[in-house]
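Data first, discussion second: the structure below is written as structure tokens.
The values are calculated or read from the model by the stated rules, or taken from the named source; none is laboratory data. What you are looking at is a predicted structure, and each value in this text was computed from that prediction instead of being measured. Glycine gets a Cβ as well: all are built from the backbone with ideal geometry, and neighbour counts include every protein chain shown. Heads up: the accessible areas ignore ligands, DNA and RNA and are worked out on the full protein's heavy atoms, side chains in. Shrake-Rupley method; radii C 1.70, N 1.55, O 1.52, S 1.80 Å.
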Amino acid sequence: MIEDAPSGVRSGLDAGMTVWSVNTPVPHPDAHRHFATLAEAAPHIVAALGRAIAV
């Protein structure tokens, strides 16, 4: 799950999802990864999707 709001991060975590935070100056303390911008996150998202499809 890619999320930019603290409530969204919390919801994703509560649902058992892996959560990456984006577009925030400070990472959410419980997010699995953080990217300052969506553009920065994009190659990592594509790579993760490729791994998920290959499985």
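List of remarks:
- Flag if residue 43 is out of contact with any helix residue (DSSP H, G or I) (no Cβ under 6 Å at 6 or more places or on another chain) and not in a loop (DSSP other than H, G, I, E, B): yes
- Here is the figure for the range 1-38: residues that are crowded, with 19+ Cβ neighbours inside 10 Å and not in a strand (DSSP E or B) total 5.
- Between 16, 12, the distinction of being modelled with pLDDT of 95 or more, of a type in the set (Gly, Ala, Ser) and at positive phi belongs to 16 only.
- Within the range 12-29, tally of residues that are more than 10 Å from the chain's Cα centre (by Cα) and closer than 13 Å to residue 1 by Cα: 4
- On inspection, residue 55 qualifies as modelled with pLDDT under 95 and farther than 19 Å from residue 5 by Cβ.
- A Cβ distance below 6 Å, combined with a sequence gap of six or more or placement on separate chains, defines the contacts here; from the range 1-28, residues that are under 15 Å from residue 40 (Cα atoms) and without any contact (Cβ under 8 Å) to a residue 40 or more places away in the chain reach residues that are of a type in the set (A, V, I, L, M, F, W, C) and open to solvent by 30 Å² or more (accessible area, probe 1.4 Å) in the pairs 20/2; 22/2; 22/38.
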